[in-house]
Amino acid sequence: MKILIRNLIIILFYLTSVPFWRRLFLTKPRVRVWCLHEVKNHQVGEFEKKIVYLKKHYNIISPEQFTGHNLAKDKLNILITFDDGFTSWLDNVLPILKKHRLCAIFFIEEKFVKYSSNLTDEGHVLGGHSTYHLKRLPELSTEELKLEIQNSVKLDFFAYPFGDKKSFNRVVAEAVKQGGYKYAFTILPGFNNIKTDSLFLHRDSLDADTPRLIFKLWLKGSYDLIKKIL
């Protein structure tokens, strides 16, 4: 019921034209980051349909294009990411990304490291997602926080576990920075541009089988302001 009400609000807010006028005044180039978790067997078809839609209407970028600011100004740029670590990625995600010649960031927990070569061999990039993913990082002691961050995969990208407003703060962000990461992602929806703090980047947490209308309106920013209020 909560998701149904949320989706109805998204549609109604889109019809107000506020998202359209807001986009007109946002600094370009702009990036939205799609966050997925597991893509189950029954979701594969919808996942590929969304990939096809994104390729047709937007500019899907690689992690290297993101860090190198190699972005389109005439189209919305889309970066694809995955969180946690699921063996189903190997069968349900990698073949589709390979088919469409796309590269993504995979934020993995330590338990998934043994499969990391399956991802990197296909040209994908790994990111840190904490060691155990059991608690929100602001709840940890200084020593626990250090271990959660420093024991995770060492690369440029980090995704805060859970990713909501309660999952990060300035202290946590500074620990992430000290851990060697240059970019950190939340799951707060929104557009990213040159003005966005690199340690508090927005992402859109949308399942592979999210209704297509909601998926399209979400990427247009129809949930951004609502989420800030809620």
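What the table shows:
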item: Sole residue being under 30 Å from L24 (Cβ atoms), within 18 Å of the chain's Cα centre (by Cα) and surrounded by fewer than 21 Cβ atoms within 10 Å (Cβ to Cβ), chosen from H69, H57; result: H69
item: Helices (runs of 4 or more DSSP H) fully within the range 32-98 counting 2 or more residues that are more than 19 Å from E122 (Cα to Cα), in contact (Cβ under 8 Å) with a residue 40 or more places away in the chain and touching a Phe, Trp or Tyr at 6+ places or on another chain (Cβ under 9 Å); result: 44-57
item: Subset of the range 155-194 (residues that are of a type in the set (G, A, S) and either surrounded by 15 or more Cβ atoms within 10 Å (Cβ to Cβ) or within 13 Å of the chain's Cα centre (by Cα) (or both)); result: A159, G163, S167, A173, A175, G179, A184, G190
item: Looking only at the range 12-47, and only at residues there that are touching a helix residue (DSSP H, G or I) at 6+ places or on another chain (Cβ under 6 Å) and surrounded by 19 or more Cβ atoms within 10 Å (Cβ to Cβ), the one that is farthest from A104 (Cα to Cα); result: Y14
item: Check on E46, at pLDDT 95 or above and within 17 Å of L217 (Cα to Cα); result: yes
item: Pairs where the first residue, in the range 133-146, is within 15 Å of D84 (Cα to Cα) and at pLDDT 90 or above and the second is surrounded by 15 or more Cβ atoms within 10 Å (Cβ to Cβ) and not small (G, A, S), C-beta under 7 Å, 6+ apart; result: R136/P161; R136/F162
item: Residues of the range 55-105 classified as of a type in the set (V, I, T) and over 19 Å from F185 (Cβ atoms), total; result: 2
item: Identity of the residue in the range 195-207, assigned to a loop (DSSP other than H, G, I, E, B) and out of contact with any His (no Cβ under 9 Å at 6 or more places or on another chain), that ends up surrounded by the most Cβ atoms within 10 Å (Cβ to Cβ); result: R203
item: Complete set of residues in the range 11-52 that are β-branched (V, I, T) and over 20 Å from H202 (Cα atoms); result: I11, T16, V39, V44, V52
item: Exclusive hit being within 18 Å of H202 (Cβ to Cβ) and not aromatic (F, W, Y), set L79, L94, L8; result: L79
item: Residue in the range 150-162 that is in contact (Cβ under 8 Å) with a residue 24 or more places away in the chain, of a type in the set (A, V, I, L, M, F, W, C) and in contact with a His (Cβ under 6 Å, 6 or more places away or on another chain) present; result: yes
item: Hits in the range 208-230 (condition: outside any helix (DSSP H, G or I) and crowded, with 19+ Cβ neighbours inside 10 Å); result: A208, T210, G221, S222, Y223
item: Residues located in the range 49-64, provided they are in contact with a Leu (Cβ under 9 Å, 6 or more places away or on another chain) and more than 14 Å from W34 (Cα to Cα); result: H57
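The values are calculated or read from the model by the stated rules, or taken from the named source; none is laboratory data. Keep in mind it's a predicted model, so treat the numbers as computed, not measured. Note that we place each Cβ from the backbone using ideal geometry, even for glycine, and neighbour counts take in every protein chain shown.
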